[in-house]
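What follows is a short report on a single structure.
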Amino acid sequence: MLTTISVVFLIGGAMTAPTTGECPNILDAAGVSQMFAPMIAHSIHSLTLEDIRYFFEEDATEENGIPTVNMDLNSDRRVLPDAPLAGYDDDFSTIGMKTFDVVMRNMNRTWWGITNFNTLDKLTHAFHMAEIWDKTAEQYKLVKQLLDPESEICGCITDIENNDVLNYLNLLAFKIKYPGITSGNTTLTDQYIVSRAKRSAAYRFGGGYNFFGGGGYDFGWKRSGLANFDGIDFDLSDIELLKDIADKLMDGDEAVTEQVDSAEHWQTWREMVKEGMDESGYYDLAVFLFCMLN
(Lines give C-alpha, C1' and ligand atoms only; values in the text may rest on other atoms or scores of the structure.)
Protein backbone atom coordinates (compact mmCIF):
# COMPACT_ATOMS: atom_id res chain seq x y z
CA MET A 1 0.00 0.00 0.00
CA LEU A 2 2.68 2.50 0.99
CA THR A 3 4.77 1.38 -1.98
CA THR A 4 1.92 2.52 -4.23
CA ILE A 5 1.73 5.96 -2.67
CA SER A 6 5.51 6.40 -2.78
CA VAL A 7 5.55 5.67 -6.52
CA VAL A 8 2.72 8.13 -7.15
CA PHE A 9 4.55 10.73 -5.08
CA LEU A 10 7.88 10.25 -6.82
CA ILE A 11 6.30 10.45 -10.25
CA GLY A 12 3.96 13.35 -9.51
CA GLY A 13 5.13 15.67 -6.74
CA ALA A 14 3.38 19.02 -6.59
CA MET A 15 0.70 19.44 -9.27
CA THR A 16 -2.19 21.65 -10.26
CA ALA A 17 -5.49 21.10 -8.49
CA PRO A 18 -7.29 18.08 -9.96
CA THR A 19 -10.91 18.25 -11.04
CA THR A 20 -13.63 16.40 -9.14
CA GLY A 21 -13.97 13.99 -12.06
CA GLU A 22 -10.28 13.11 -11.98
CA CYS A 23 -10.14 12.36 -8.26
CA PRO A 24 -11.55 8.81 -8.20
CA ASN A 25 -8.76 7.56 -10.48
CA ILE A 26 -6.11 9.55 -8.62
CA LEU A 27 -7.16 8.15 -5.25
CA ASP A 28 -7.54 4.63 -6.59
CA ALA A 29 -4.00 4.76 -7.99
CA ALA A 30 -2.76 5.92 -4.57
CA GLY A 31 -4.34 2.92 -2.86
CA VAL A 32 -7.17 4.84 -1.19
CA SER A 33 -10.18 2.55 -0.74
CA GLN A 34 -13.65 2.99 -2.21
CA MET A 35 -15.02 3.13 1.34
CA PHE A 36 -12.82 6.16 2.05
CA ALA A 37 -15.57 8.69 2.88
CA PRO A 38 -17.67 6.61 5.33
CA MET A 39 -14.54 5.24 7.02
CA ILE A 40 -13.10 8.73 7.45
CA ALA A 41 -16.37 10.03 8.88
CA HIS A 42 -16.45 7.20 11.43
CA SER A 43 -12.78 7.66 12.29
CA ILE A 44 -12.78 11.42 12.89
CA HIS A 45 -16.28 12.10 14.21
CA SER A 46 -15.18 12.39 17.87
CA LEU A 47 -11.56 13.46 17.33
CA THR A 48 -10.38 16.29 19.60
CA LEU A 49 -7.50 18.71 19.19
CA GLU A 50 -5.78 17.03 22.13
CA ASP A 51 -6.06 13.67 20.30
CA ILE A 52 -4.57 15.16 17.13
CA ARG A 53 -1.66 16.58 19.11
CA TYR A 54 -1.06 13.30 20.96
CA PHE A 55 -1.35 10.86 18.05
CA PHE A 56 -0.44 12.86 14.94
CA GLU A 57 0.77 16.49 15.01
CA GLU A 58 1.86 17.97 18.32
CA ASP A 59 1.78 21.55 16.97
CA ALA A 60 -1.75 21.34 15.48
CA THR A 61 -3.78 24.51 16.08
CA GLU A 62 -7.42 25.17 16.95
CA GLU A 63 -7.96 25.97 13.27
CA ASN A 64 -6.97 22.45 12.25
CA GLY A 65 -9.50 21.85 9.47
CA ILE A 66 -10.57 18.42 10.77
CA PRO A 67 -14.40 18.43 10.86
CA THR A 68 -16.09 16.52 13.67
CA VAL A 69 -19.61 15.74 14.86
CA ASN A 70 -20.78 18.16 17.53
CA MET A 71 -20.84 16.39 20.91
CA ASP A 72 -23.58 18.81 22.05
CA LEU A 73 -26.70 16.97 20.91
CA ASN A 74 -28.88 19.96 21.79
CA SER A 75 -27.10 22.14 19.25
CA ASP A 76 -28.52 22.70 15.78
CA ARG A 77 -24.96 22.73 14.46
CA ARG A 78 -24.31 19.11 13.55
CA VAL A 79 -20.73 19.30 12.29
CA LEU A 80 -17.93 21.50 13.60
CA PRO A 81 -15.31 22.77 11.10
CA ASP A 82 -12.37 21.97 13.40
CA ALA A 83 -11.63 19.30 15.98
CA PRO A 84 -12.25 21.17 19.25
CA LEU A 85 -10.33 21.34 22.50
CA ALA A 86 -12.02 18.91 24.89
CA GLY A 87 -10.33 20.22 28.03
CA TYR A 88 -8.13 17.22 28.83
CA ASP A 89 -6.73 17.48 32.35
CA ASP A 90 -2.95 17.60 32.11
CA ASP A 91 -2.65 16.60 35.76
CA PHE A 92 -3.19 13.09 34.38
CA SER A 93 -0.15 11.65 32.62
CA THR A 94 -1.74 9.09 30.27
CA ILE A 95 -4.06 9.65 27.32
CA GLY A 96 -6.30 6.87 28.68
CA MET A 97 -6.87 8.62 31.99
CA LYS A 98 -7.44 11.97 30.26
CA THR A 99 -10.06 10.36 28.02
CA PHE A 100 -11.68 8.62 30.97
CA ASP A 101 -11.84 11.91 32.86
CA VAL A 102 -13.62 13.76 30.02
CA VAL A 103 -16.33 11.09 29.79
CA MET A 104 -16.81 10.99 33.55
CA ARG A 105 -17.03 14.79 33.81
CA ASN A 106 -19.87 14.70 31.29
CA MET A 107 -21.62 11.60 32.62
CA ASN A 108 -24.69 13.49 33.89
CA ARG A 109 -25.20 15.34 30.62
CA THR A 110 -27.65 13.18 28.68
CA TRP A 111 -27.34 15.53 25.70
CA TRP A 112 -23.56 15.01 25.41
CA GLY A 113 -21.88 12.45 23.19
CA ILE A 114 -24.16 9.75 21.79
CA THR A 115 -27.90 9.38 22.31
CA ASN A 116 -28.98 6.81 24.90
CA PHE A 117 -25.45 5.64 25.71
CA ASN A 118 -24.83 5.04 29.40
CA THR A 119 -21.48 5.89 30.95
CA LEU A 120 -19.90 2.50 30.20
CA ASP A 121 -21.15 2.71 26.60
CA LYS A 122 -19.52 6.13 26.22
CA LEU A 123 -16.27 4.93 27.76
CA THR A 124 -16.24 1.91 25.45
CA HIS A 125 -16.77 4.16 22.45
CA ALA A 126 -14.04 6.61 23.56
CA PHE A 127 -11.45 3.87 24.03
CA HIS A 128 -12.52 2.21 20.75
CA MET A 129 -11.80 5.46 18.90
CA ALA A 130 -8.47 5.91 20.68
CA GLU A 131 -7.45 2.43 19.56
CA ILE A 132 -8.21 3.35 15.94
CA TRP A 133 -6.08 6.51 16.20
CA ASP A 134 -3.26 4.61 17.88
CA LYS A 135 -3.19 2.05 15.08
CA THR A 136 -3.27 4.85 12.50
CA ALA A 137 -0.38 6.77 14.08
CA GLU A 138 2.32 4.44 12.74
CA GLN A 139 0.98 4.65 9.19
CA TYR A 140 0.76 8.43 9.59
CA LYS A 141 4.50 8.61 10.26
CA LEU A 142 5.24 6.67 7.08
CA VAL A 143 2.78 8.66 4.96
CA LYS A 144 4.38 11.87 6.26
CA GLN A 145 7.72 10.75 4.84
CA LEU A 146 6.33 9.90 1.41
CA LEU A 147 3.48 12.20 0.51
CA ASP A 148 3.68 15.79 -0.69
CA PRO A 149 0.88 17.93 0.82
CA GLU A 150 0.75 19.83 -2.49
CA SER A 151 0.17 16.65 -4.52
CA GLU A 152 -2.92 15.80 -6.54
CA ILE A 153 -3.67 13.12 -3.97
CA CYS A 154 -4.00 15.70 -1.21
CA GLY A 155 -5.92 17.97 -3.56
CA CYS A 156 -8.57 15.26 -3.83
CA ILE A 157 -8.43 14.24 -0.17
CA THR A 158 -8.96 17.77 1.15
CA ASP A 159 -11.93 18.47 -1.14
CA ILE A 160 -14.30 17.31 1.59
CA GLU A 161 -17.29 19.13 0.12
CA ASN A 162 -17.11 16.99 -3.02
CA ASN A 163 -15.57 13.70 -1.87
CA ASP A 164 -18.52 12.96 0.47
CA VAL A 165 -16.61 13.21 3.77
CA LEU A 166 -18.81 16.10 4.94
CA ASN A 167 -21.93 14.30 3.73
CA TYR A 168 -21.04 11.18 5.70
CA LEU A 169 -20.23 13.23 8.80
CA ASN A 170 -23.65 14.84 8.62
CA LEU A 171 -25.28 11.44 8.11
CA LEU A 172 -23.34 10.08 11.08
CA ALA A 173 -24.49 13.05 13.15
CA PHE A 174 -28.09 12.06 12.38
CA LYS A 175 -27.42 8.42 13.28
CA ILE A 176 -25.83 9.45 16.57
CA LYS A 177 -28.61 11.87 17.44
CA TYR A 178 -31.50 9.74 16.15
CA PRO A 179 -30.42 6.06 16.47
CA GLY A 180 -32.11 3.87 13.88
CA ILE A 181 -33.17 6.82 11.70
CA THR A 182 -32.01 4.97 8.56
CA SER A 183 -33.17 1.52 9.70
CA GLY A 184 -36.41 1.47 7.72
CA ASN A 185 -38.40 1.19 10.96
CA THR A 186 -41.15 3.68 10.12
CA THR A 187 -42.61 3.57 13.62
CA LEU A 188 -39.31 4.80 15.02
CA THR A 189 -38.59 7.34 12.30
CA ASP A 190 -42.14 8.77 12.51
CA GLN A 191 -41.64 9.12 16.25
CA TYR A 192 -38.48 11.14 15.67
CA ILE A 193 -40.23 13.44 13.20
CA VAL A 194 -43.21 14.10 15.48
CA SER A 195 -41.06 14.49 18.58
CA ARG A 196 -38.62 16.81 16.85
CA ALA A 197 -41.52 19.04 15.75
CA LYS A 198 -42.74 19.19 19.35
CA ARG A 199 -39.25 19.99 20.54
CA SER A 200 -38.96 22.86 18.04
CA ALA A 201 -42.26 24.26 19.26
CA ALA A 202 -41.16 23.90 22.88
CA TYR A 203 -37.96 25.80 22.12
CA ARG A 204 -39.96 28.63 20.59
CA PHE A 205 -41.80 28.97 23.88
CA GLY A 206 -38.68 28.69 25.99
CA GLY A 207 -39.11 25.08 27.13
CA GLY A 208 -37.37 21.82 26.36
CA TYR A 209 -38.36 18.43 25.02
CA ASN A 210 -36.85 14.99 25.21
CA PHE A 211 -37.25 13.70 21.67
CA PHE A 212 -34.91 10.72 21.79
CA GLY A 213 -36.15 7.20 21.20
CA GLY A 214 -34.70 3.88 22.37
CA GLY A 215 -31.36 2.37 21.47
CA GLY A 216 -28.05 3.92 20.45
CA TYR A 217 -25.73 4.33 17.45
CA ASP A 218 -24.28 0.94 16.50
CA PHE A 219 -20.92 1.80 14.83
CA GLY A 220 -22.53 0.43 11.65
CA TRP A 221 -20.40 2.15 9.00
CA LYS A 222 -19.30 -1.15 7.42
CA ARG A 223 -22.78 -2.42 6.72
CA SER A 224 -24.05 0.87 5.39
CA GLY A 225 -22.28 0.68 2.04
CA LEU A 226 -22.05 3.80 -0.12
CA ALA A 227 -24.92 6.26 0.14
CA ASN A 228 -26.41 8.41 -2.61
CA PHE A 229 -26.68 11.96 -1.32
CA ASP A 230 -28.41 13.39 -4.40
CA GLY A 231 -31.17 15.72 -3.29
CA ILE A 232 -29.98 15.86 0.33
CA ASP A 233 -29.14 19.39 1.50
CA PHE A 234 -27.42 19.20 4.88
CA ASP A 235 -27.66 22.97 5.24
CA LEU A 236 -31.33 22.40 6.13
CA SER A 237 -32.43 21.95 9.74
CA ASP A 238 -33.07 18.56 11.38
CA ILE A 239 -36.83 18.97 11.22
CA GLU A 240 -36.60 19.75 7.49
CA LEU A 241 -34.34 16.78 6.78
CA LEU A 242 -35.49 13.94 9.03
CA LYS A 243 -37.99 12.44 6.60
CA ASP A 244 -35.56 12.56 3.67
CA ILE A 245 -32.80 11.00 5.80
CA ALA A 246 -35.18 8.22 6.87
CA ASP A 247 -36.52 7.57 3.36
CA LYS A 248 -33.70 8.35 0.92
CA LEU A 249 -30.73 7.14 3.00
CA MET A 250 -32.31 4.01 4.44
CA ASP A 251 -29.60 1.39 4.91
CA GLY A 252 -30.92 -1.02 7.55
CA ASP A 253 -28.74 0.38 10.34
CA GLU A 254 -30.63 -0.40 13.51
CA ALA A 255 -30.00 1.04 16.95
CA VAL A 256 -28.15 -1.03 19.53
CA THR A 257 -30.61 -1.83 22.30
CA GLU A 258 -28.18 -3.63 24.60
CA GLN A 259 -26.08 -1.43 26.83
CA VAL A 260 -22.86 -2.30 28.64
CA ASP A 261 -24.61 -3.20 31.87
CA SER A 262 -23.60 -6.84 32.29
CA ALA A 263 -20.87 -9.30 31.32
CA GLU A 264 -23.28 -10.88 28.83
CA HIS A 265 -24.02 -7.58 27.09
CA TRP A 266 -20.34 -6.69 27.09
CA GLN A 267 -19.72 -9.71 24.84
CA THR A 268 -21.92 -8.08 22.17
CA TRP A 269 -20.06 -4.80 22.43
CA ARG A 270 -16.70 -6.55 22.65
CA GLU A 271 -17.20 -8.20 19.28
CA MET A 272 -18.51 -4.97 17.78
CA VAL A 273 -15.51 -2.85 18.79
CA LYS A 274 -12.98 -5.59 18.00
CA GLU A 275 -13.99 -5.37 14.36
CA GLY A 276 -12.30 -1.97 14.16
CA MET A 277 -11.14 -1.32 10.60
CA ASP A 278 -9.04 -3.28 8.14
CA GLU A 279 -5.60 -2.06 7.09
CA SER A 280 -7.02 0.00 4.22
CA GLY A 281 -9.05 2.00 6.73
CA TYR A 282 -6.01 2.95 8.80
CA TYR A 283 -4.15 3.88 5.64
CA ASP A 284 -7.05 6.03 4.38
CA LEU A 285 -7.21 7.82 7.72
CA ALA A 286 -3.45 8.43 7.80
CA VAL A 287 -3.52 9.95 4.31
CA PHE A 288 -6.58 12.07 5.14
CA LEU A 289 -5.13 13.46 8.37
CA PHE A 290 -1.76 14.18 6.77
CA CYS A 291 -3.30 16.07 3.86
CA MET A 292 -5.68 18.02 6.09
CA LEU A 293 -3.06 18.95 8.71
CA ASN A 294 -0.20 19.91 6.40
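The values are calculated or read from the model by the stated rules, or taken from the named source; none is laboratory data. Predicted model only: the values in this text are computed from it and were never measured. Note that we place each Cβ from the backbone using ideal geometry, even for glycine, and neighbour counts take in every protein chain shown. Accessible surface is based on the protein model in full, side chains and every heavy atom, while ligands, DNA and RNA are left aside. Shrake-Rupley method; radii C 1.70, N 1.55, O 1.52, S 1.80 Å.
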Restricting to the range 243-277, name every residue that is outside any loop (DSSP other than H, G, I, E, B) and either closer than 24 Å to ARG196 by Cβ or touching a residue at least 40 places away in the same chain (Cβ under 8 Å) (or both). LYS243, ASP244, ILE245, ALA246, ASP247, LYS248, VAL256, TRP269, MET272, VAL273, GLU275
Hey, GLY113 open to solvent by less than 60 Å² (accessible area, probe 1.4 Å), on the phi > 0 side of the Ramachandran plot and at pLDDT 95 or above or not: no
Kindly establish whether THR182 is surrounded by fewer than 21 Cβ atoms within 10 Å (Cβ to Cβ), of a type outside the set (Gly, Ala, Ser), under 19 Å from the mean Cα position of the chain (by Cα) and closer than 30 Å to VAL32 by Cβ. no
Flagged in the range 255-281 as modelled with pLDDT under 90 and of a type in the set (Asp, Glu), in numbering order, are GLU258, GLU271, GLU275, ASP278, GLU279
Taking THR16 and the conditions (1) in a helix (DSSP H, G or I); (2) modelled with pLDDT under 85; (3) not aromatic (Phe, Trp, Tyr), which numbered condition does it fall short on, given that it satisfies the others? (1)
Matching residues in the range 104-132 (more than 27 Å from LEU293 (Cβ to Cβ) and assigned to a loop (DSSP other than H, G, I, E, B)) number 9
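Residue by residue, here is whether (1) open to solvent by 20 Å² or more (accessible area, probe 1.4 Å); (2) outside any helix (DSSP H, G or I); (3) over 20 Å from PRO179 (Cβ atoms); (4) touching a Pro at 6+ places or on another chain (Cβ under 6 Å) holds:
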residue: LEU47; (1), (2), (3), (4): no, yes, yes, no
residue: ILE52; (1), (2), (3), (4): no, no, yes, no
residue: GLY87; (1), (2), (3), (4): yes, yes, yes, no
residue: ASP91; (1), (2), (3), (4): yes, yes, yes, no
residue: ASP101; (1), (2), (3), (4): yes, no, yes, no
residue: ASP134; (1), (2), (3), (4): yes, no, yes, no
residue: GLU138; (1), (2), (3), (4): yes, no, yes, no
Among the candidates VAL256, VAL273, VAL287, residue that is out of contact with any strand residue (DSSP E or B) (no Cβ under 8 Å at 6 or more places or on another chain) and either open to solvent by less than 10 Å² (accessible area, probe 1.4 Å) or over 30 Å from GLU57 (Cβ atoms) (or both): VAL287
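Kindly evaluate GLY31 against the criterion of being at positive phi, surrounded by 14 or more Cβ atoms within 10 Å (Cβ to Cβ) and touching a Phe, Trp or Tyr at 6+ places or on another chain (Cβ under 9 Å). Even if it seems obvious, please write down each step before you answer.
Numbers: at positive phi: yes; surrounded by 14 or more Cβ atoms within 10 Å (Cβ to Cβ): yes; touching a Phe, Trp or Tyr at 6+ places or on another chain (Cβ under 9 Å): yes.
Taking the combined requirement at face value, the residue satisfies it.
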One residue is enough: does the range 55-74 have a residue meeting the conditions open to solvent by 20 Å² or more (accessible area, probe 1.4 Å), in a helix (DSSP H, G or I) and farther than 29 Å from ASP164 by Cβ? no
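Quickly run through the range 209-251 and pick out the residues that are of a type in the set (Gly, Ala, Ser) and either modelled with pLDDT of 95 or more or open to solvent by less than 60 Å² (accessible area, probe 1.4 Å) (or both).
Of everything in the range 209-251, those that are of a type in the set (Gly, Ala, Ser) and either modelled with pLDDT of 95 or more or open to solvent by less than 60 Å² (accessible area, probe 1.4 Å) (or both) turn out to be GLY213, GLY214, GLY215, GLY216, GLY220, SER224, GLY225, ALA227, SER237, ALA246.
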The range 116-132, residues that are in contact with a helix residue (DSSP H, G or I) (Cβ under 9 Å, 6 or more places away or on another chain), surrounded by fewer than 18 Cβ atoms within 10 Å (Cβ to Cβ) and polar (S, T, N, Q): THR119
